[in-house]
1. Looking at (1) under 21 Å from Val156 (Cα atoms); (2) touching a residue at least 60 places away in the same chain (Cβ under 8 Å); (3) not polar (S, T, N, Q), which one does Ile92 not meet, given that it meets all the others?
2. Hey, among Gly67, Gly42, Gly25, which residue is at positive phi, at pLDDT 95 or above and buried (at least 19 other Cβ atoms within 10 Å of the Cβ)?
3. Pro143 passes all but one of (1) at pLDDT 95 or above; (2) buried (at least 17 other Cβ atoms within 10 Å of the Cβ); which number fails?
4. Would you mind stating whether Gly29 is in contact with an Asp or Glu (Cβ under 9 Å, 6 or more places away or on another chain) and either free of Cβ contacts under 8 Å to residues at least 60 places away in the same chain or not hydroxyl-bearing (Ser, Thr, Tyr) (or both)?
5. Scan region 175-203 residue by residue and report those that are of a type in the set (Gly, Ala, Ser) and touching a helix residue (DSSP H, G or I) at 6+ places or on another chain (Cβ under 8 Å).
6. Looking only at strands (runs of 3 or more DSSP E) that fall completely inside region 1-104, which ones have 3 or more residues that are among the charged types (D, E, K, R) and in contact with a Pro (Cβ under 6 Å, 6 or more places away or on another chain)?
7. Looking at region 107-140, which of the residues that are among the hydrophobic types (A, V, I, L, M, F, W, C) and modelled with pLDDT of 95 or more is surrounded by the fewest Cβ atoms within 10 Å (Cβ to Cβ)?
8. Here is a list of conditions, (1) surrounded by 14 or more Cβ atoms within 10 Å (Cβ to Cβ); (2) touching a Gly at 6+ places or on another chain (Cβ under 8 Å), and Arg17 meets all of them except one; can you say which number that is?
Amino acid sequence: MIVNTPAHFVPAADSLRQRVILITGSGSGLGRATALTCASLGATVILLGRTVKKLEAVYDEIEAAGGPTPAIYPMNLIGATWADLFELVGVIEREFGRLDGLVHCAAHFTTFAPFTEEKPKDWMDSLQVNLTAAQTLTRLCLPLLQQAPDASIVFVTDAAGREPKALRGAYGVSKYALEGLVKSWALELESYPKLRINTYDPGPMCTDLRKRGYLSEEVQKLPLPEIAAPGLLYLLSSESSGRSGVSFSRS
């Protein structure tokens, strides 16, 4: 069942104050928009991405807007091992002592193609970033998230993961797997009512990822990623407490 997030959700000012939120893929696109919006509501955001220059630009935007000082953690998830992710979580625990939110915005995609034509490297890289690294990072962050008074994990997905279609390749498979992963996680975490885990489809947006997948589409006419940020804010705020294992979409 797909549930829409509240239309035009506007959280209270400082509703994320004192919360620490880790956002993957935060150098651009939806990750950047999410980081800026979370910081504007008082959250300390940990910016994780592969391009230092982009992360530094987001850092500067947050500081210029008067948000809490963010943290930068450069990492290319394609080559990240479980030990690299373990070290990241250790740094978070040592530097912040808590974690209240985890948003998986990072995604790897080259093109839509038949399985028979998809390059083995593209298959493995896509599953690594979109599924394996995301699952491993969630597993390693879990102890910190379970200690939080109100914690949320969000996996960003899209229509390719909600209805299997031909020619979606590794990207579609990884997103489809995430839907099942999250539902299983939610069942296993029922004894932790203060922790929720959900997927969120932000809908079509003007992003570089979209441009690579829909070559005939006028992507520049689509809404900017900022339009999807309110849905993520709803899932990260206490307004969504008690809702876990749900497939959310932008209304």
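1. Condition (1) is where Ile92 drops out.
2. Values: Gly67 fails: at positive phi; Gly42 fails: buried (at least 19 other Cβ atoms within 10 Å of the Cβ).
It is Gly25.
3. (2)
4. Numbers: in contact with an Asp or Glu (Cβ under 9 Å, 6 or more places away or on another chain): yes; either free of Cβ contacts under 8 Å to residues at least 60 places away in the same chain or not hydroxyl-bearing (Ser, Thr, Tyr) (or both): yes.
Considered against the rule, which asks whether it is in contact with an Asp or Glu (Cβ under 9 Å, 6 or more places away or on another chain) and either free of Cβ contacts under 8 Å to residues at least 60 places away in the same chain or not hydroxyl-bearing (Ser, Thr, Tyr) (or both), Gly29 comes out as yes.
5. The initial filter retains those residues of region 175-203 that are of a type in the set (Gly, Ala, Ser), namely 177, 180, 184, 186, 191, 203.
Listed by number, the residues that qualify are Ala177, Gly203.
6. Working: elements: 2-4, 20-24, 44-49, 71-74, 101-104.
Passing ranges: none, list empty.
7. Keep residues of region 107-140 that are among the hydrophobic types (A, V, I, L, M, F, W, C), which gives 107, 109, 112-113, 115, 123-124, 127, 129, 131, 133-134, 137, 140.
Filter once more, keeping what is modelled with pLDDT of 95 or more: 124, 127, 129, 131, 133-134, 137, 140.
On the way: Met124: 14, Leu127: 17, Val129: 25, Leu131: 21, Ala133: 25, Ala134: 25, Leu137: 26, Leu140: 17.
Ranking the qualifying residues of region 107-140, first place goes to Met124.
8. Unmet condition: (1).
The values are calculated or read from the model by the stated rules, or taken from the named source; none is laboratory data. Fair warning: this is a prediction, and the values are worked out from it, not measured in the lab. Ideal geometry is used to build each Cβ from the backbone, glycine not excepted, and the neighbour counts take in all protein chains shown.
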